[in-house]
Amino acid sequence: MRFILPLLFGIAGVAVLVSLGVWQVQRLAWKEEILARIEAKIAAEPVALPESPEQEADKYLPVEMTGRFQPGLLRVLVSQKHVGAGYRIISPFETEEGRRVLLDRGFIKIDGEMRAPPTGPVEVTGNLHWPDDRNSSTPENDLEENMWFARDIGQMAEVFETEPLLVVVREMSPEDTGATPLPVDTSAIPNDHLEYAITWFSLAVLWAAMTGLLIWRMRQPAKGAET
């Protein structure tokens, strides 16, 4: 009888931990489905720039437009794996239809040469994006030094007097030699559910092993007891 309580406690603990692991597996399937939908949307055929884009419906929407770069650029401090620190270059862009939008041209190294974009008409293929670069530790943008730490679309649009609309370049013709495109993808969207599931299942195995060890020790005769 004295083994029943530890056994029940052990079974309950394993059940809870296994259920948490199963829940994370279900969350993994849910997240992978979302990522697959986003990737399909990113890779879809580009369309003309919508008249009134909406963040919820049009995020990641592939678009194509023709126009010219306008004077000015903003530098957003970023870091690229295997490359190091550098800047995202944001420039104002005016389409043939007269719309002014923000264009994320891509990446240059922090010590790279700042080259001007093409001067003539440019054909751009990219994706609409409303990035969420800022967190609680992100410094405020330094407009005087042109040092930005987040792509705050509203603030950038005020500086350049454009629509609060950002297009992240995927391809450009003629090529922009002043920056290497950083196309929109899903790499920045966290998906840690597999690691969480492994953690919960591992804890369940450990809990079961510890329960078994406890019961085994309880069944051993007391040290010095008569046989």
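The values are calculated or read from the model by the stated rules, or taken from the named source; none is laboratory data. Since we're looking at a predicted model, the values are computed, not measured. In this analysis, Cβ positions are derived from the backbone assuming ideal geometry, glycine residues included, and neighbour counts consider all displayed protein chains.
The condition (being among the aliphatic types (A, V, I, L, M), touching a residue at least 12 places away in the same chain (Cβ under 8 Å), buried (at least 19 other Cβ atoms within 10 Å of the Cβ) and touching a helix residue (DSSP H, G or I) at 6+ places or on another chain (Cβ under 9 Å)) is satisfied by just one residue among Leu17, Leu28: Leu17.
Pairing each residue of the stretch 63-86 that is farther than 22 Å from Val101 by Cα with any residue that is outside any strand (DSSP E or B), provided the two are 6+ apart or on different chains, yields C-beta distances under 6 Å for Ala85/Ile110; Gly86/Ile110. For the condition within 18 Å of Pro71 (Cβ to Cβ), among the aromatic types (Phe, Trp, Tyr) and modelled with pLDDT of 90 or more, Trp130 does not qualify.
Here's the yes/no breakdown for (1) in contact with a helix residue (DSSP H, G or I) (Cβ under 9 Å, 6 or more places away or on another chain); (2) farther than 23 Å from Asp152 by Cα; (3) surrounded by fewer than 15 Cβ atoms within 10 Å (Cβ to Cβ):
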{"residue": "Ser173", "(1), (2), (3)": "no, yes, yes"}
{"residue": "Gly178", "(1), (2), (3)": "no, no, no"}
{"residue": "Ile189", "(1), (2), (3)": "yes, no, yes"}
{"residue": "His193", "(1), (2), (3)": "yes, yes, no"}
{"residue": "Phe201", "(1), (2), (3)": "yes, yes, no"}
{"residue": "Ala204", "(1), (2), (3)": "yes, yes, no"}
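Of all positions in the stretch 149-166, at least one carries a residue that is among the aliphatic types (A, V, I, L, M) and more than 15 Å from Val76 (Cα to Cα). Evaluation of Leu128 against the conditions (1) of a type in the set (A, V, I, L, M); (2) more than 22 Å from the chain's Cα centre (by Cα); (3) farther than 20 Å from Glu175 by Cβ shows that the sole unmet condition is (2).
One line per residue, one yes/no per condition, for (1) in a loop (DSSP other than H, G, I, E, B); (2) hydrophobic (A, V, I, L, M, F, W, C); (3) within 22 Å of Ala116 (Cα to Cα):
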site: Glu171; (1), (2), (3): no, no, yes
site: Asp185; (1), (2), (3): yes, no, no
site: Thr199; (1), (2), (3): no, no, no
site: Pro221; (1), (2), (3): yes, no, no
